[in-house]
Amino acid sequence: MTERLDGTVALVTGASSGIGAAAARELASLGASVALVARRKDRLDELAAEITAAGGTALAIEADVTEQAEAVAAVERTVAELGRLDTAVNNAGVMLLGPVLGAPTEEWDRMVRLNVQGLLYIAHAALPHLVSAADSEPRRVSDLVNISSVAGRRPTAFSGVYNLTKHGINAFSEALRQEITERHVRVSLVEPGAVDTELTDHLRPAVREVARQRFASVETLLATDIADAIAYVVTRPRRVAVNEILVRPTEQPG
């Protein structure tokens, strides 16, 4: 049975599109007030207006989570304006594929900054508030959901540094889970396979074409499919922790 999230507050990074936007809509539909965090303020404002029009509560926060001060400010503004923090969804990320030999290392830097450091900054800032929420009504449990990837389980050629960042997220999440699970702060991984989002838009043209051809015959997941998985994780009863969910298209072999 799905529990409602009334009286709780969720923060979602990368909320201007794709999985982040879909997750924000889903959490709001379940009763959570939602802080929308991303760099594209115009899109956040549109999503906030949509959620508000549907009867929900949303706060648009323009922030670059790769800057620690901005990540901290986003969390603190969420708590100051919405009153608490029960759920943090670390969704912001970028996938820049290609061979290691001759790679533009600025792409590696970009992935490490966003996929790893940005996630760490939000987690660090959110944890004290998640601990506090887990000690209080209405649910007496809180959630940190880190969006990883099938790439965090299965290294593949031409994905080396992306694999590195996602394997790192998986390791960090499990270590943190062991540290704080007895405080009723649940740490969970959601690992999507191929999803129809803007993720491949950031690839160099030649690499983008190869990546898209790889899944040309596969019916890929929708962002709403991953939002549904996130919602499942955070709506379990206090006694239930879903530590990891791998979601792939039915037709995706690896």
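Each value in this text was obtained by applying a stated rule to the coordinates, not by laboratory testing. Here the structure is a predicted model, which is why all the values come from computation and not from measurement. Here the Cβ positions follow ideal geometry from the backbone for every residue, glycine too, while neighbour counts run over all protein chains shown.
Here are a few things to note about the model shown:
- Each part gets one Cα centre, and for the range 15-31 versus the range 180-246 those centres are 13 Å apart.
- Highest-first arrangement of 48-56, 91-99, 144-152, 70-78, where packing means the average Cβ count within 10 Å: 144-152, 91-99, 70-78, 48-56
- C-alpha long axis of helix 119-134 to longest principal axis of the chain, angle in °: 20
- Listed peptides 17-25, 178-186, 159-167 appear in the order 17-25, 159-167, 178-186 once ranked by packing, highest mean of other Cβ atoms within 10 Å at the front.
- Cα long-axis angle, helix 41-53 against the chain (0 to 90 degrees, to the nearest 10): 50
- In this structure the amide hydrogen of E244, modeled in the peptide plane, comes within under 5 Å of the amide hydrogens of L189, none closer than 5 places in sequence on its chain.
- The Kirkwood hydrodynamic radius of the chain, based on inverse pair distances between different Cα atoms, is 18.2 Å.
- Of the residues L164, A21, P205, the one whose Cα sits farthest towards the positive end of the charge dipole of the range 9-240 is L164 (charges of +1 on Lys and Arg Cβ, -1 on Asp and Glu Cβ, taken about the Cα centre).
- Taking the helices alone, the chain has a mean residue ellipticity at 222 nm of -13500 deg cm²/dmol, built from -39,500 (n - 2.57) per DSSP H run of at least 4 residues and averaged over all its residues.
- Convex hull of the range 4-142 built on C-alpha atoms - directionally averaged projected area, nm²: 8.3
- A simple charge model with +1 on the Cβ of Lys and Arg, -1 on the Cβ of Asp and Glu and nothing else charged puts the dipole of the chain at about 520 debye relative to its Cα centre.
- Principal axis dimensions, largest first and in whole angstrom, of the range 38-91 by Cα: 32, 24, 18
- Under 5 Å, built H, 5+ apart or other chain: amide partners of R186: S142, D143, L144
- Take every Cα pair under 8 Å whose residues are at least 6 apart in sequence, average their separation, divide by the length of the range 9-240, and the relative contact order is 21 percent.
- Between the Cα long axis of helix 223-234 and the first principal axis of the chain there is an angle of about 40°, rounded to the nearest 10.
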